[in-house]
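Visitor: Have a look at this one.
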Amino acid sequence: MTTYNREKRFKTRSVAGTLALGEKISEILSPTPKLVVLRGEVGAGKTTLVKGIAEALGAATEEDVTSPTFTLVHEYQGRKVKLYHLDLYRLETEREIEALGIDEMAADPNALVLVEWGERFESIASRADAEIAMEHGEDNERSMMVRWR
Ligand SMILES: Nc1ncnc2c1ncn2[C@@H]1O[C@H](COP(=O)(O)OP(=O)(O)O)[C@@H](O)[C@H]1O
Ligand SMILES: [Mg+2]
């Protein structure tokens, strides 16, 4: 596992609040962290946060960002940053991960790679630059912990 030396917590009470957090979090994530793991149970708000980050980067509108559960990877060109959004929920093996070419994506100095369920794979967990852990609270409450190095 990566050791992170910085951390910041956020709390939201609505979808709009989580979308708005995309701005703050994208500031933390650019320009340095390249490979970012998004963890949290189904419905925690991982995809919603990616929508907010994509908007903040000028990469896509909130409506354009959909869950890559079946397509695995979506790619959006932002003003400065190319955003890759992955969802590995349906994958099981490191071999399947290898085929995605995540290393190549993250090697681009202008890329930001956001990976839902990335913590399930050692090859990703061990080289992530940041992690966003999301928790479902009561009703529409969600808490987020961003850790990075
Ligand atoms: N504060 C909130 N932040 C994000 N999503 C919320 C919030 N409150 C309620 N929701 C709902 O929770 C669900 C989050 O879904 P999604 O972002 O796809 O989660 P995940 O990708 O973690 O499975 C959506 O149905 C959304 O409308
Ligand atoms: Mg999702």
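Computed from the coordinates by the stated procedures, all read-outs in this text should not be read as laboratory data. This one's a predicted model, so the numbers in the text were calculated from it and none came from an experiment. FYI the Cβ positions are ideal-geometry reconstructions off the backbone, even for glycines, and counts take in every protein chain you see.
Visitor: Rounded to the nearest 500, what is the 222 nm mean residue ellipticity of the chain from helices alone, with -39500 (n - 2.57) per DSSP H run of 4+ residues and division by all residues?
Guide: -7500 deg cm²/dmol
Visitor: Sticking with this structure for a sec: Please identify the chymotrypsin sites (Phe, Trp or Tyr not before Pro) of the range 27-100 that satisfy two criteria: DSSP loop assignment and at most 16 other Cβ atoms within 10 Å. Which are they?
Guide: Filter output for the range 27-100: Phe70, Tyr89.
Visitor: Convert each backbone phi in the range 81-89 into a coupling constant with the Karplus relation 6.51 cos²θ - 1.76 cosθ + 1.60 (shift: θ = phi - 60°), then list the ³J(HN,Hα) values in order as whole Hz, x for Gly and Pro.
Guide: Karplus values, whole Hz, x for Gly and Pro: 10, 8, 9, 10, 10, 10, 9, 9, 3.
Visitor: Here's another thing I want to ask about it. Please identify the GluC sites (Glu not before Pro) of the range 1-89 that satisfy two criteria: DSSP loop assignment and at most 13 other Cβ atoms within 10 Å. Which are they?
Guide: Glu41, Glu63
Visitor: For the chain, take the alpha-carbon Rg, divide it by the Kirkwood Rh, and send me Rg/Rh.
Guide: A ratio of 0.93.
Visitor: Once fully extended, how much extra length lies between Val73 and Thr2, figured as 0.36 nm per residue of separation less the alpha-carbon to alpha-carbon distance?
Guide: 23.3 nm
Visitor: Considering only DSSP beta bridges whose two residues both sit in the chain, what percent are antiparallel, to the nearest 5?
Guide: 60
Visitor: Among Ala128, Pro109, Leu38, whose Cα sits farthest toward the positive end of the charge dipole of the range 33-143 (+1 at Cβ of Lys/Arg, -1 at Cβ of Asp/Glu, about the Cα centre)?
Guide: Looking along the dipole axis, the top candidate is Pro109.
Visitor: Shifting gears a bit: So, in the chain, how many Lys pairs have Cα atoms under 21 Å apart, if the pair is 8 or more places apart or on different chains?
Guide: Step by step, the pairs that qualify in the chain add up to 19.
Visitor: Now for a different question. Would you mind calculating the gained length between His136 and Ala20 on full extension (0.36 nm times residue separation, minus the Cα-Cα distance), in nm to one decimal?
Guide: 40.0 nm
Visitor: Something else now. Considering every pair of different Cα atoms, what Kirkwood radius, in Å, is found for the range 43-109?
Guide: It is 12.7 Å.
Visitor: Follow-up. Which net charge results for the neighbourhood of Trp148, defined as the other residues with beta-carbon distances under 11 angstrom from its beta-carbon, given Lys and Arg at +1 and Asp and Glu at -1?
Guide: Taking every Cβ under 11 Å from that of Trp148, the sum is +2.
Visitor: Please turn the phi angles of the range 56-69 into ³J(HN,Hα) values with the Karplus equation 6.51 cos²θ - 1.76 cosθ + 1.60 (θ = phi - 60°), one per residue in order, whole Hz, x for glycine and proline.
Guide: With the stated coefficients, the range 56-69 comes to 4, 8, x, 9, 6, 7, 3, 6, 6, 8, 10, 5, x, 4 Hz.
Visitor: Per-residue HN-Hα couplings for the range 8-22, Karplus 6.51 cos²θ - 1.76 cosθ + 1.60 at θ = phi - 60°, whole Hz, x for Gly and Pro?
Guide: Taking θ as phi minus 60°, the curve returns 9, 10, 9, 9, 10, 10, 7, 4, 4, x, 5, 4, 5, 5, x Hz for the range 8-22.
Visitor: What does the charge count around Gly52 come to, taking other residues whose C-beta lies under 15 Å from its C-beta (Lys +1, Arg +1, Asp -1, Glu -1)?
Guide: Local charge sum for Gly52: -1.
Visitor: Report the charge-dipole magnitude of the chain in Debye, nearest 20, computed about the Cα centre from +1 at each Lys and Arg Cβ and -1 at each Asp and Glu Cβ.
Guide: Approximately 580 debye in magnitude.
Visitor: Also, I was wondering about something else. Give, as a single signed number, the net charge of other residues whose beta carbon lies under 12 Å from the beta carbon of Gly118, with Lys and Arg counted +1 and Asp and Glu -1.
Guide: -2
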